[in-house]
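The values are calculated or read from the model by the stated rules, or taken from the named source; none is laboratory data. All figures in this text were calculated on a predicted structure; none of them were measured in a lab. Every residue, glycine among them, receives a Cβ derived from its backbone with ideal geometry; neighbour counts consider all protein chains shown. When the accessible area is computed, the model is the full protein with side chains, heavy atoms only, and any ligands, DNA or RNA have been set aside. Shrake-Rupley method; radii C 1.70, N 1.55, O 1.52, S 1.80 Å.
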Amino acid sequence: MKSHAQVVVIGGGVVGCSVLYHLTKAGWKDVVLVERDELTSGSTWHAAGGMHTINLDPNVAKLQQYTINLYKEIEEISGQSCGVHITGGIMLAGTEERLDWLRQAHARGRYLGMSMEFVSLDEAVRRFPLMEKKYFKGALYDPIEGHVDPAGVTNAYAKAARVQGAEVYRFTRVTALEQFPDGSWNVVTEKGSIRAEHVVNAGGLWAREVGRMVGLELPVLAMEHQYLITEEIPEVKASKTEMLHVIDFEGEIYMRQEGTGMLMGTYERRGVPWSERSTPWNFTHELLAPDLDRIAPSLEVGFKHYPAIERAGIKKVINGPFTFAPDGNPVVGPIRGLRNYWVACGVMAGFSQGGGVGLALSNWMVNGDPGFDIWAMDVARFGDWATLAYTNAKVRENYSRRFRIRFPNEELPAARPLRTTPVYDRLKERRAVFGVSYGLEHALWFAPEGMEPVEEVAFRRSNAHATVAEECRAVRTGVGLMETSTYSKYEVTGAGAEAWLSRLLVNRMPQQGRIVLAPMLNPGGKLIGDFTVAKAGPERFYVFGSGIAEDYHMRWFEAQLPASGVAIRPLRSELVGLSVAGPKSRELLQSLVAEDLSNDAFPFLSFRQIDIGMIPAKIGRITFTGDLGYEIWVVVDYQRALYDRIVEAGREFGLRHFGARALHSLRLEKSFGTWAREFRPIYGPFEAGLSRFVDLRKNDFIGRDAALAEKEAGPKRRLVTFVVSDAGADCIGDEPVWHEGKVVGWITSGGYAHHVGKSVALGYVPAELAAAPSGFEIEILGNRRPAAIAPKPLFDPEGKRMRG
Ligand SMILES: Cc1cc2nc3c(=O)[nH]c(=O)nc-3n(C[C@H](O)[C@H](O)[C@H](O)COP(=O)(O)OP(=O)(O)OC[C@H]3O[C@@H](n4cnc5c(N)ncnc54)[C@H](O)[C@@H]3O)c2cc1C
């Protein structure tokens, strides 16, 4: 065994072996993999080996496509068969709503270059004769689905990695990890130690244990999962072609051919976690006791939908555990505050996702960047609130919903409420309908008296529509109150604070008492953040950004921090906020403070410490509504008192509460982009329409050269605002944009802009089409709706309201 290596990958399941292969492919040859037992001995060996490209997140879908296309490559290098069967697959919808869901997935697939197609039910039966047509309403066919041999794939990765220089040590358990002061690791195994620059936790069923070796509690949990294999089915035996891979959403069933029978698996509603707190080390190539009663409801539906399966009878039942993250996507990346420790775990679909995970992680390790937008799998999407019990509740929920529809306006109930601010109960009394963001409850809208504060889930406009319209009207014509605590807030202090921020962010830093908007770029010139920066003192700044990205940004900030002179602290719930917005917001706030808030004394983009009665507050003259307005930040202890004062004073001004749904509508009509939608690490600042916040003449900053190159070459695509011909359903995001019969771009977010009375969407199109006068269509739920680019924001294009 080597005593030194550049990387030690811990875990020889499909994921660890893929990471190892991709590291060698990227040119790192001094890499080893250590496996406790035989390769595949965790969850990999008993997998059903099914694979598909469909995923709610288009970026994950792209990596799934990559994985499936990779098998040929590793077979060639390794000489090991992956047992690939590309049979094609069919997704069956039994309800109209499911059909809408499939239409969405189909549309999304278009701009990803996938070639899925709807087929008639007769055609579906022709391609998959075991189904009973009468139970279905529609079928979507995907030519790139099928199955692989799990052990074949894992060994092919490992052998291909070996061919390219890697070493694999089997029957070698890692028992401890100790970090040296230089950031490298002492990887202690049963057979000796390896000093490694980097370690990768690909521990699968034991990822939590390998995390705990360095004090981490990773948000993953294994669930028991069952599939059965039938006896011989005459129709299958007689078929000249292999049966398709099938997903039957109503039965919550997946199927594929196995020998001359079928393999049928299910994600049952009452799923059972396995080894909830820790995984036994002696669990190896083992299966769990089958429990047919638990999956009986799904089997009943399956037998009804596919009578040949019932006739054939069951030959074997497999019950095995595999791990999930709270939202079902992988958990990948470096860990904030822990040098040279990488994770690649929580991979629930190793044969669709393993390749993409290996590629992204190896890019990240070798080049400092995953090379794609992998936010949906980034470990940083979970904060420290994602504890063991939180993970347990969410993983169970996610498992039980695996084949259920997730509506675009749906807020899932498990593990809630968890994080709340002091005004939570007050807002609840006001009939708030809550959503959750980074574990924190926040108001989406406020139901009027007589209406239950519950939002009906829908692909089209929901029961919230009319009320949200009223909330928007209040902001545009009077004054509205909203809580802003979901934003992330950071305090940056020290003699070097200004210079440091100016090196990280692309805009010039503000004068004291002022605010600037400042995007952040990676060295490749892509957007990795979008902030509001306020200078509160010579050596004190407050930085506000997207709440969901707190860990993601802190990981980057801390990695860029100099040894001395600057300190950064996330304020999370220490500093909470309320915002008043609308033409009467100044009058309202003025009635509460002694300072002069006139436009001359406290103009747009001012920031100051101002007492509101007895309450010390920081007030910024800015809101995301695009209207006159203020963000008021207070230490958490004061939030209720502040809220009560504003509500009391607001009576005279007709103050109305508004929530995130109205804010979304208001920002759309201002063409304001948001983080994780319009602004993501696949876009440069010029294409994202942020050029006015990029100061190329100030000091050097991270990503400057690449930004300059983007500017000089001219952006290839542009973020534009569309007005969509209204058919009662609005864009949500990820719809394809058509121009003269071809898909040319995609939507990043959309909705109904109530004040201007139009269905609006933001999205990217090729730069040369950004000024095209006509010819656009956007596909919403299977319908191509005419759309036109609005050259300017639809509401107050000159920004007079914000500045007035
Ligand atoms: C019944 C069932 C059906 C499934 N069907 C499918 C399917 O159809 N399609 C699909 O894509 N996925 C399927 N899966 C899921 C699939 O199995 C997983 O996505 C995949 O196995 C995850 O691989 P992994 O490498 O992350 O984890 P694992 O396979 O658990 O590998 C982790 C490895 O790390 C090793 N290890 C852990 N700790 C240490 C240590 N300290 N030192 C050394 N080694 C260590 C373990 O021994 C193990 O071999 C199924 C799973 C089950 C249970």
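What are the radius of gyration and Dmax of the chain, computed over its Cα atoms and given in Å?
Both quantities, over Cα of the chain: 27.3, 87 Å.
Report the full-extension gain for the segment residue 512 to residue 69: residue separation times 0.36 nm, less the Cα-Cα distance, to one decimal in nm.
Values: separation 443, 0.36 × 443 = 159.48 nm, distance 5.43 nm.
Taking 0.36 nm per residue and subtracting the Cα distance, the gain is 154.0 nm.
Carbon and sulfur atoms: what percent of the 1.4 Å accessible area of the stretch 157-226 do they account for? Kindly include the intermediate steps, with their values, before the conclusion.
On the way: 1190 of 2420 Å².
Carbon and sulfur: 49 percent of the exposed surface of the stretch 157-226.
Rounded if a/c is under 1.5, else prolate if a/b beats b/c, else oblate: with a ≥ b ≥ c from the C-alpha gyration tensor eigenvalues square-rooted, which is the stretch 319-364? Before the final figure, lay out the partial values.
Numbers: a/c = 2.57, a/b = 1.53, b/c = 1.68.
Oblate shape, in that a/c is at least 1.5 and b/c is the bigger or equal ratio.
Would you list which aspartates and glutamates come within 14 Å of residue 304, measuring only between C-alpha atoms, while excluding same-chain residues fewer than 8 positions from it?
132, 248, 250, 252
Per-residue HN-Hα couplings for the stretch 195-211, Karplus 6.51 cos²θ - 1.76 cosθ + 1.60 at θ = phi - 60°, whole Hz, x for Gly and Pro?
Karplus values, whole Hz, x for Gly and Pro: 8, 10, 5, 10, 10, 10, 8, 10, x, x, 4, 10, 4, 5, 5, 5, x.
Using 7 Å Cα-to-Cβ label points, what is the residue 6/residue 414 separation (nm, one decimal)?
So the label points at residue 6 and residue 414 sit 4.0 nm apart.
Could you compute the FRET efficiency for residue 180 and residue 503, with r as their C-beta to C-beta distance and R0 at 30 Å, rounded to 0.05?
0.55
FRET efficiency for residue 788 and residue 457, Cβ-Cβ distance as r, R0 = 45 Å, nearest 0.05?
Working: r = 30 Å, r/R0 = 0.67.
Here the calculated transfer efficiency is 0.90.
So, in Å, what gap is there between the alpha-carbon centers of the stretch 225-253 and the stretch 576-613?
Using only Cα atoms to place each centre, the spacing works out to 65 Å.
What does the convex hull of the Cα atoms of the stretch 504-597 come to per residue, in Å³, rounded to a whole number? Don't skip to the end; give the middle numbers.
Numbers: hull volume 13.8 nm³, N = 94.
So the per-residue Cα hull volume is 147 Å³.
Longer than 28 Å from Cα to Cα, which of 2/526; 535/800; 2/25; 62/191 are they? Say none if no pair is.
Details: 2/526 39 Å; 535/800 24 Å; 2/25 20 Å; 62/191 40 Å.
Going by Cα-Cα distance, 2/526; 62/191 fall outside the 28 Å limit.
Gain in length, residue 609 to residue 713, computed as 0.36 nm per residue apart minus the alpha-carbon separation, to one decimal in nm?
Working: separation 104, 0.36 × 104 = 37.44 nm, distance 4.34 nm.
Length gained, residue 609 through residue 713: 33.1 nm.
Using the Karplus equation 6.51 cos²θ - 1.76 cosθ + 1.60 (θ = phi - 60°), what ³J(HN,Hα) coupling, rounded to whole Hz, does each residue of the stretch 659-671 give in order, writing x for Gly and Pro?
Rounded to whole hertz, the list is x, 5, 5, 5, 4, 4, 5, 5, 6, 5, 6, 9, 6.
Among 310-317, 786-793, 577-584, how do they line up by average Cβ neighbours within 10 Å per residue, starting with the highest?
On the way: 310-317: 14.8, 786-793: 16.9, 577-584: 24.1.
Going from most to least packed, we get 577-584, 786-793, 310-317.
Given labels modelled 7 Å from the Cα in the Cβ direction, how far is it in nm from residue 725 to residue 406?
3.3
Which order do the peptides 746-753, 166-173, 408-415 take when ranked by the mean count of other beta-carbon atoms within 10 Å per residue, highest first? Write down the numbers at each step before the final one.
On the way: 746-753: 24.0, 166-173: 17.8, 408-415: 16.0.
So the order, starting with the most tightly packed, is 746-753, 166-173, 408-415.
For residue 617, what residues show an amide H to amide H distance below 5 Å, using hydrogens built from the backbone and excluding near sequence neighbours?
Those qualifying (amide H under 5 Å, at least 5 residues apart or on another chain) are 610, 611, 612.
Mind computing the radius of gyration and Dmax over the alpha-carbon atoms of the stretch 625-763? Å is fine for both.
Every Cα atom of the stretch 625-763 included, Rg and Dmax give 19.3, 57 Å.
For the cross-link pairs 137/237; 133/240; 159/240; 72/159; 137/742, which exceed 23 Å when the distance is taken from alpha carbon to alpha carbon? It would help to have the intermediate numbers written out before the result.
Numbers: 137/237 28 Å; 133/240 21 Å; 159/240 34 Å; 72/159 14 Å; 137/742 28 Å.
Over 23 Å Cα-Cα: 137/237; 159/240; 137/742.
Carbon and sulfur atoms: what percent of the 1.4 Å accessible area of the stretch 705-804 do they account for? Walk me through the intermediate numbers first.
Working: 2260 of 4450 Å².
For the stretch 705-804, the apolar C and S fraction of the accessible surface comes to 51 percent.
Can you give the accessible area per residue of the chain, in Å², using a 1.4 Å probe?
On the way: 29630 Å² over 804 residues.
Computed with neighbouring chains in place, this is 37 Å² per residue.
Taking just the alpha-carbon atoms of the stretch 189-265, what radius of gyration and Dmax come out, in angstrom?
Every Cα atom of the stretch 189-265 included, Rg and Dmax give 20.8, 57 Å.
So if R0 is 41 Å, what FRET efficiency would residue 119 and residue 768 give, r being the distance between their Cβ atoms, rounded to the nearest 0.05?
On the way: r = 35 Å, r/R0 = 0.86.
For R0 = 41 Å, the calculated efficiency reads 0.70.
At what distance in nm do the modelled label points of residue 598 and residue 134 sit from each other, each positioned 7 Å from its Cα along Cα→Cβ?
Rounded to a tenth, the inter-label distance reads 8.0 nm.
For the stretch 746-760, what does the Karplus curve 6.51 cos²θ - 1.76 cosθ + 1.60, with θ = phi - 60°, yield as ³J(HN,Hα) per residue in whole Hz, taken in order and with x for Gly and Pro?
8, 8, 9, 7, x, x, 9, 8, 5, 5, 7, x, 9, 7, 10
Over all alpha-carbon pairs in the stretch 685-799, figure out the percentage whose distance exceeds 26 Å. Display every interim value, and only then the final one.
Values: 1736 of 6555 pairs.
Result for the distance tail: 26 percent.
Taking the highest mean first, how do the peptides 662-673, 677-688 order by number of other beta carbon atoms within 10 angstrom per residue?
Values: 662-673: 24.7, 677-688: 21.7.
Peptide ranking by packing, descending: 662-673, 677-688.
Please report, as a whole percent, how much of the solvent-accessible surface of the stretch 26-131 comes from carbon and sulfur atoms (probe radius 1.4 Å).
47
Using only Cα atoms, tell me the angle between helix 465-477 and the longest principal axis of the chain; keep it within 0 to 90° and round to the nearest 10.
Its long axis makes an angle of about 30 degrees.
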